[in-house]
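Trainee: Below is one structure. I have some questions about it.
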Amino acid sequence: MNPDYHTNDYHADGRHSDDFHTDKAAMSDQDNTSQNQTSPTGTALVAVPAGSLTGVTRDSREEVWGVLHKARRTEADVPRIWRRRKVAAAREAAVQAFDQLRTQFLQGVRSKDMKRVAVSAPASGNGTTFTAVNLARALSRVPGCKTVLLDLNLRSPGIADMIGVAAEGNTDEFLTGEISFFQHVVRYNEGLALGLSRSARPNASDLLQSGLVAGAVDEMIHLLKPDVLLLDLPPVLEYDDLSAVLPHVDGVLLVADATSTQTRDIEECERLIKKRSKLMGVVLNRSRNG
């Protein structure tokens with residue numbers, strides 16, 4: 001195995017999947033009304049109040065980000081358990097681990113001019129969503145850096161619950177044009193936008209193989225102009241969903257469970273990924289050495 005970043009380069013301490021929740025100061029409710037229209041690419045857009053945005057295709061990404069609906073919290077307050085000293089210390093250590101991951105990740109994407117990155121794992125339970133969410137949040141803390149996180153795990157979407165915000169529709173509805181871009185994507189904070197799902201779609205592979213993902217990804221890049229677009233995907237070795245997305249991403253970040261993932265599983269994932277894309281590196285989740 002010879003990825004750009006070897007296994008030991010990325011360490012994210014993911015002992016508890018609920019270590020990270022919503023930043024209370026990052027979000028508030030916002031009541032916006034809109035009407036649907038169609039973009040030149042055929043994707044449904046949304047009309048905004050006069051004067052707030054002179055055109056969704058303008059170069060100023062700040063204006064486009066400014067008209068996104070703010071994410072709605074689903075949690076009333078920071079959990080009391082966070083106030084316990086041991087849990088707070090563990091959470092701080094995890095934040096530092098993801099900040100370190102962020103530094104290495106940004107060096108990789110910037111040096112190779114990457115923008116669209118899929119996050120996946122060999123098997124369920126390895127911590128893909130945990131890693132994608134907290135890497136996205138770490139990236140959003142970088143001044144001037146814009147990140148979009150899209151839940152493409154249509155079989156078992158989990159970003160909304162993990163990050164503690166309400167999903168505005170489903171990603172599959174956005175892909176098929178049932179809801180517009182601006183109805184689906186919400187702004188978590190100044191540096192992070194989210195495309196979430198609230199329910200599963202059993203025949204996810206059929207939809208992903210249809211080619212609609214390419215149009216959706218292009219639309220997100222065109223409108224939001226993010227520095228990084230992260231796509232949370234199902235496990236590599238359990239479904240063929242990732243294979244449908246590989247042609248439309250610049251690279252893949254693989255998440256392995258340090259307590260259960262076998263070397264042969266990582267090697268098989270690398271073999272499958274390198275057929276159509278690039279393996280950026282491997283994140284060791286639940287690593288005691290990170």
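Trainee: Is it true that residue 175 is outside any loop (DSSP other than H, G, I, E, B) and among the aliphatic types (A, V, I, L, M)?
Mentor: Details: outside any loop (DSSP other than H, G, I, E, B): yes; among the aliphatic types (A, V, I, L, M): yes.
It is true that residue 175 is outside any loop (DSSP other than H, G, I, E, B) and among the aliphatic types (A, V, I, L, M).
Trainee: Do we find that residue 283 is under 20 Å from the mean Cα position of the chain (by Cα), buried (at least 17 other Cβ atoms within 10 Å of the Cβ) and farther than 28 Å from residue 72 by Cα in this structure?
Mentor: On the way: under 20 Å from the mean Cα position of the chain (by Cα): yes; buried (at least 17 other Cβ atoms within 10 Å of the Cβ): yes; farther than 28 Å from residue 72 by Cα: yes.
So residue 283 passes the test.
Trainee: Mind listing just one residue for me: the one in the stretch 106-138 that is more than 11 Å from the chain's Cα centre (by Cα) and outside any loop (DSSP other than H, G, I, E, B) and, of those, surrounded by the most Cβ atoms within 10 Å (Cβ to Cβ)?
Mentor: Taking the stretch 106-138 first, the residues more than 11 Å from the chain's Cα centre (by Cα) are 106-115, 121-127, 138.
Remaining after also requiring outside any loop (DSSP other than H, G, I, E, B): 106-111, 138.
Details: 106: 16, 107: 11, 108: 19, 109: 20, 110: 12, 111: 9, 138: 25.
Looking at the filtered set, the residue picked out is 138.
Trainee: Could you say which residue among 214, 204, 256, 200 is within 24 Å of residue 182 (Cα to Cα) and surrounded by 16 or more Cβ atoms within 10 Å (Cβ to Cβ)?
Mentor: On the way: 214 fails: surrounded by 16 or more Cβ atoms within 10 Å (Cβ to Cβ); 256 fails: within 24 Å of residue 182 (Cα to Cα); 200 fails: surrounded by 16 or more Cβ atoms within 10 Å (Cβ to Cβ).
Exactly one of 214, 204, 256, 200 is within 24 Å of residue 182 (Cα to Cα) and surrounded by 16 or more Cβ atoms within 10 Å (Cβ to Cβ), namely 204.
Trainee: Also: The conditions are (1) among the hydroxyl-bearing types (Ser, Thr, Tyr); (2) at pLDDT 95 or above; (3) more than 24 Å from residue 283 (Cα to Cα), and residue 180 fails exactly one of them. Which is it?
Mentor: Going through the list (1) among the hydroxyl-bearing types (Ser, Thr, Tyr); (2) at pLDDT 95 or above; (3) more than 24 Å from residue 283 (Cα to Cα), residue 180 breaks only (2).
Trainee: Now for a different question. Among (1) buried (at least 23 other Cβ atoms within 10 Å of the Cβ); (2) closer than 24 Å to residue 69 by Cβ, there is one condition residue 233 misses while meeting the rest; what is its number?
Mentor: Every condition holds for residue 233 apart from (2).
Trainee: Return the only residue of 245, 228 being touching a residue at least 40 places away in the same chain (Cβ under 8 Å), in contact with a Leu (Cβ under 7 Å, 6 or more places away or on another chain), farther than 14 Å from residue 151 by Cβ and of a type outside the set (Phe, Trp, Tyr).
Mentor: Details: 245 fails: farther than 14 Å from residue 151 by Cβ.
Every option except 228 fails the conditions.
Trainee: Additional query: So residue 162 fits all but one of (1) in a strand (DSSP E or B); (2) out of contact with any strand residue (DSSP E or B) (no Cβ under 6 Å at 6 or more places or on another chain); what number is the exception?
Mentor: Here residue 162 meets the rest and fails (1).
Trainee: Is it fair to say residue 64 is surrounded by 13 or more Cβ atoms within 10 Å (Cβ to Cβ), among the β-branched types (Val, Ile, Thr), in a helix (DSSP H, G or I) and modelled with pLDDT under 95? Full working, then the answer.
Mentor: Working: surrounded by 13 or more Cβ atoms within 10 Å (Cβ to Cβ): yes; among the β-branched types (Val, Ile, Thr): yes; in a helix (DSSP H, G or I): yes; modelled with pLDDT under 95: yes.
So residue 64 passes the test.
Trainee: Being closer than 25 Å to residue 282 by Cα, among the acidic types (Asp, Glu), under 14 Å from the mean Cα position of the chain (by Cα) and buried (at least 24 other Cβ atoms within 10 Å of the Cβ): is that true of residue 161 here?
Mentor: Numbers: closer than 25 Å to residue 282 by Cα: yes; among the acidic types (Asp, Glu): yes; under 14 Å from the mean Cα position of the chain (by Cα): yes; buried (at least 24 other Cβ atoms within 10 Å of the Cβ): no.
Against the criterion (closer than 25 Å to residue 282 by Cα, among the acidic types (Asp, Glu), under 14 Å from the mean Cα position of the chain (by Cα) and buried (at least 24 other Cβ atoms within 10 Å of the Cβ)), residue 161 does not qualify.
Trainee: Separate question: Enumerate the pairs (first residue in the stretch 137-161 and under 19 Å from residue 73 (Cα atoms) and in contact (Cβ under 8 Å) with a residue 60 or more places away in the chain; second residue anywhere and of a type in the set (Gly, Ala, Ser) and in a strand (DSSP E or B)) with beta-carbon separation below 6 Å, excluding pairs fewer than 6 apart on the same chain, so at least 6 apart or on different chains.
Mentor: Short answer, once both residue conditions are applied: 148/193; 150/195.
Trainee: Of the conditions (1) of a type in the set (Asp, Glu); (2) touching a strand residue (DSSP E or B) at 6+ places or on another chain (Cβ under 6 Å); (3) free of Cβ contacts under 8 Å to residues at least 40 places away in the same chain, residue 250 clears all except one; give me its number.
Mentor: (3)
Trainee: Residue 176 versus (1) polar (S, T, N, Q); (2) within 24 Å of residue 203 (Cβ to Cβ); (3) touching a residue at least 40 places away in the same chain (Cβ under 8 Å): which is the lone unmet condition?
Mentor: Against the list (1) polar (S, T, N, Q); (2) within 24 Å of residue 203 (Cβ to Cβ); (3) touching a residue at least 40 places away in the same chain (Cβ under 8 Å), residue 176 comes up short only on (3).
The values are calculated or read from the model by the stated rules, or taken from the named source; none is laboratory data. The model shown is predicted, which means the values in this text are computed figures rather than measured ones. We place every Cβ from the backbone using ideal geometry, glycine too, and count neighbours over all the protein chains shown.
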